[in-house]
Amino acid sequence: MLIDDLLPGDVVHLAVGDQVPADGLFISGYSVLVNESSLTGESEPVVINEDNPFLLSGTKVLDGSCKMLVTAVGMRTQWGKLMAAITESGDDETPLQVKLNKVANIIGNIGLCFALLTFVVLSQGLVAQKYLDGLLLSWSGDDVLEILQHFSVAVTIIVVAVPEGLPLAVTLSLAFAMKKMMKDKALVRQLAACETMGSATIICSDKTGTLTTNRMSVVKACVCGNTIEVNSPRAPSIFSSELPEAALEILLESIFNNTAGEVVISQDGRRQILGTPTEVALLDFALLMGGGFKEKRQETKVVKVEPFNSTKKRMSIILELPGGGYRAHCKGASEVVLAACDKFIDARGSIVALNNTTTNKLNGIIETFSKEALRTLCLAYREMDDGFSIDEPIPLRGYTCIGIVGIKDPVRPGVRQSVATCRSAGIEVRMITGDNINTAKAIARECGILTEDGIAIEGAEFREKNHKELIELIPKMQVLARSSPLDKHTLVKHLRTTFNEVVAVTGDGTNDAPALREADIGLAMGIAGTEVAKESADVVILDDNFSTIVTVAKWGRSVYVNIQKFVQFQLTVNVVALLVNFSSACFTGIFYFVNCVNLSSLSHDLHFLMPGDAPLTAVQLLWVNMIMDTLGALALATEPPDDNLMKKAPVGRRGKFITKVMWRNILGQSIFQFAVMWYLQTQGKYLFGLEGSDADTVLNTIIFNTFVFCQVFNEISSRDMDEINVLKGLLDNSIFMGILAGTTIFQFIIVQFLGDFADTMPLTQLQWLVSVLFGLLGMPIAAAIKLIPVEPHEEGN
């Protein structure tokens, strides 16, 4: 029967290795173990029986067989809903794109207004003259040419004002960050994800494989009354050297024989452990203690096995010993196996009776391990009587306790510090896992995610909440346990839409794909992640480490700040260029109008303030435009991140892109540069003693040269919007230094050798020196401006 032919109400037989074809209910069967990692992300098999009868499409049967009643097929199954959720998400603009579009529109509109005013002011004198002469309808070729010249000046102002360099600056900054992030184990699949992570206010992290190592390990053990904490690979070997030889031998015999796992050598010669996560943890612990799997297995012969089941909660075997006789080994739930023991191995390796005091001590150890979210197992053995037959059932009592082990998926090194870094940076970290709530809470506390006032909740309870209850719950919720893929998707959607947060989501399984697509930035695990998860993600974390996610956030903030630096630099150039050309045009137009109406006395008074025509020609303005767009973007976009970035609040969606600090710097530097330009326009000839027919051209060249050097030194001042010391690390940025050197050399060539093309005249050494000094003066001015206090950044939410 084909899967397409299944309908609700059909009965399906499932056996080991089958993939569950539809959602259904367990009818009958035995020892059914199902791997639900494709849906929940948790690698631990789930026991299916009358108490837990739900079978889900896409999961795999690991053990046993059963009959299933089909309840849902196709897109109505949990797997179908998962796939539907993946295709729902759209391509929304990133927070920075939204802000940049607003900034670009504002700047463009301002530039257009200035251009229109400049054209009107420049043209009104000619129109007024025509009107006074009665020739308003009679236009010569020279008149049209003059109007076209005015129009070209207006168009040039628009070209200078419109921030066409913004996309270039953003792309350069993103590409630079993308290349650097690759070295930090983060593969960027979507370029915009670089900056989106910088705006993130919440990280919803998976537990297994992201916060933890995704490898169950023995982290604590109690053998012969000695408790060990396995916090390094060498700890088990040190522990084994302290154990009595007899106790060590019986412990290794128990672990290597009473197991469903295997230790094999792969094709490349590497040792590999096969089995369930619990079996792998025990076998790895025994190997680290110096045991040999193959050697131990060959010493004895397994003659009977009772596999683990949910009823007995233990696994037992009978070994045939080399010298004759039998020995039973048992492992399982600590409270069950310990209750079957009446003896234990003490610190000297002797077998002594298990009294109430020792029993209470061992139960206390079990309870301590459990509070730390450890999965506890008790190991025991029993020497069988001489008359024992392998046809008899394995005894349930009379065992000798070997020891107790605590197993868990340990937290990755550095995770707690990374979570603390996120918290200091104003980024909330929330755990979403399919694991049980007790384990989730313990791991969350260990990572520093769950605080005293935080809430941990299970997915079933989360799904029952109405919209009003969710609005009250979500801000306080820090852990979501036993969650389904759609729970994660729902939480992320609420955070983005209802609470207007910028959400980053981590995940490694197919079950995480809907949330990865719904989030502002999806972070998939490169090692443990499925192909579906990677395809749905914006960034792939190559080392599966949460600490790398913090590095991604750091680079994202660096991109955002670098683009802010560039916009601050560009707006300063825009404002000065617009003011210089507009003011010159205004005075030219007014002076021309005054002459037209024969106000000679007023004309004489205005002549002293008259700066002449617009000092920056179209070619010069386009060169300035190239400095501030292409070269400025390349220089400021390649600034590396610093540690202070993770000490500030996140930008979020509501934070203003152009902050008060930026406006302070822009206005302060613009006023200084405009004052310098105006001074040179009005007093330049007297300052340099310029006379003759070339005086105006030389003065305009000096103004152009000074203006360019003002931008060169302002570019250096823009390296940091708050700090006075902007020279720190300057020499380490070879790209920045190269652009400064290139700009200076090309400026020298334009001024000294490209006069016909750029309307310039060669300058003397004194004129060069003054131009450079005026530009250099901008740096202490910028430092003084930064001392002006402003309100805190408007970057937070």
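Being of a type outside the set (V, I, T), part of a helix (DSSP H, G or I) and open to solvent by 60 Å² or more (accessible area, probe 1.4 Å) is the filter here; which residues of the range 649-681 pass it?
So the first thing to find is which residues in the range 649-681 are of a type outside the set (V, I, T), and the list is 649-650, 652-657, 660, 662-665, 667-670, 672-675, 677-681.
Those still in the list that are part of a helix (DSSP H, G or I) too: 660, 662-665, 667-670, 672-675, 677-681.
K660, W663, L667, Y679, listed by residue number.
Only residues in the range 521-532 that are more than 23 Å from I202 (Cβ to Cβ) count as the first member; pair them with residues that are surrounded by fewer than 20 Cβ atoms within 10 Å (Cβ to Cβ) and acidic (D, E), Cβ under 8 angstrom, at least 6 apart or cross-chain, and list the lot.
I527/D543
Out of the residues in the range 682-712 that are small (G, A, S) and in a helix (DSSP H, G or I), state the one that is surrounded by the fewest Cβ atoms within 10 Å (Cβ to Cβ).
Selected residue: A695.
Would the range 510-533 turn up any residue that is in contact with a Ser or Thr (Cβ under 6 Å, 6 or more places away or on another chain), open to solvent by less than 10 Å² (accessible area, probe 1.4 Å) and assigned to a loop (DSSP other than H, G, I, E, B)?
No, because not a single residue in the range 510-533 is in contact with a Ser or Thr (Cβ under 6 Å, 6 or more places away or on another chain), open to solvent by less than 10 Å² (accessible area, probe 1.4 Å) and assigned to a loop (DSSP other than H, G, I, E, B).
Every residue, every condition in (1) more than 16 Å from W623 (Cβ to Cβ); (2) in a helix (DSSP H, G or I); (3) without any contact (Cβ under 8 Å) to a residue 24 or more places away in the chain, yes or no:
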site: I724; (1), (2), (3): yes, no, no
site: L727; (1), (2), (3): yes, no, yes
site: I735; (1), (2), (3): yes, yes, no
site: G738; (1), (2), (3): yes, yes, yes
site: T743; (1), (2), (3): no, yes, no
site: V751; (1), (2), (3): no, yes, no
site: L769; (1), (2), (3): yes, yes, yes
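Which one of these is among the basic types (K, R) and at pLDDT below 90: R517, R445?
The unique qualifying residue is R517.
Looking only at the range 218-230, count how many residues are surrounded by fewer than 19 Cβ atoms within 10 Å (Cβ to Cβ) and touching a strand residue (DSSP E or B) at 6+ places or on another chain (Cβ under 7 Å).
Residues meeting the conditions: 2.
Inspect all residues belonging to the range 233-246 and state whether any of them is in contact (Cβ under 8 Å) with a residue 12 or more places away in the chain and under 30 Å from A524 (Cα atoms).
yes
Among the numbered criteria (1) over 23 Å from L96 (Cα atoms); (2) among the polar types (S, T, N, Q); (3) in contact (Cβ under 8 Å) with a residue 60 or more places away in the chain, which one does S173 miss?
Status for S173: all satisfied but (1).
So, in the range 424-447, how many residues would count as being touching a Ser or Thr at 6+ places or on another chain (Cβ under 9 Å), of a type outside the set (A, V, I, L, M, F, W, C) and in contact (Cβ under 8 Å) with a residue 24 or more places away in the chain?
Residues flagged as touching a Ser or Thr at 6+ places or on another chain (Cβ under 9 Å), of a type outside the set (A, V, I, L, M, F, W, C) and in contact (Cβ under 8 Å) with a residue 24 or more places away in the chain within the range 424-447 amount to 8.
All but one of (1) out of contact with any helix residue (DSSP H, G or I) (no Cβ under 9 Å at 6 or more places or on another chain); (2) buried (at least 16 other Cβ atoms within 10 Å of the Cβ) hold for K81; which doesn't?
For K81, the failing item is (1).
Would it be correct to say that T551 is modelled with pLDDT of 85 or more, over 19 Å from R189 (Cβ atoms), polar (S, T, N, Q) and open to solvent by 30 Å² or more (accessible area, probe 1.4 Å)?
Criteria not met by T551.
Based on this model, can you work out whether L96 counts as modelled with pLDDT under 80, buried (at least 17 other Cβ atoms within 10 Å of the Cβ) and within 19 Å of V567 (Cα to Cα)?
Values: modelled with pLDDT under 80: yes; buried (at least 17 other Cβ atoms within 10 Å of the Cβ): yes; within 19 Å of V567 (Cα to Cα): yes.
Against the criterion (modelled with pLDDT under 80, buried (at least 17 other Cβ atoms within 10 Å of the Cβ) and within 19 Å of V567 (Cα to Cα)), L96 qualifies.
Inspect all residues belonging to the range 270-289 and state whether any of them is more than 24 Å from P410 (Cα to Cα) and outside any helix (DSSP H, G or I). Show your work before the answer.
At the first step, the residues of the range 270-289 found to be more than 24 Å from P410 (Cα to Cα) are none.
Scanning the range 270-289 turns up no residue that is more than 24 Å from P410 (Cα to Cα) and outside any helix (DSSP H, G or I).
Which one is nearest to A84 (Cα to Cα), of the residues in the range 534-544 that are open to solvent by 10 Å² or more (accessible area, probe 1.4 Å) and touching a Ser or Thr at 6+ places or on another chain (Cβ under 8 Å)?
Once the filter is applied, the top-ranked residue is D538.
So is R297 over 25 Å from N49 (Cα atoms), in a strand (DSSP E or B) and either open to solvent by 70 Å² or more (accessible area, probe 1.4 Å) or not β-branched (V, I, T) (or both) or not?
It is false that R297 is over 25 Å from N49 (Cα atoms), in a strand (DSSP E or B) and either open to solvent by 70 Å² or more (accessible area, probe 1.4 Å) or not β-branched (V, I, T) (or both).
Please enumerate the residues belonging to the range 231-247 that are surrounded by fewer than 20 Cβ atoms within 10 Å (Cβ to Cβ) and of a type outside the set (S, T, N, Q). Working first, answer last.
Filtering the range 231-247 down to residues surrounded by fewer than 20 Cβ atoms within 10 Å (Cβ to Cβ) leaves 231-235, 237-238, 241-242, 244-246.
Hits for the range 231-247 are P233, R234, A235, I238, E242, P244, E245, A246.
The values are calculated or read from the model by the stated rules, or taken from the named source; none is laboratory data. Only a predicted model underlies this, so the values are computations on that prediction, with no experimental measurement involved. Every residue, glycine among them, receives a Cβ derived from its backbone with ideal geometry; neighbour counts consider all protein chains shown. With ligands, DNA and RNA removed, areas are computed over all heavy atoms of the protein, side chains included. Shrake-Rupley method; radii C 1.70, N 1.55, O 1.52, S 1.80 Å.
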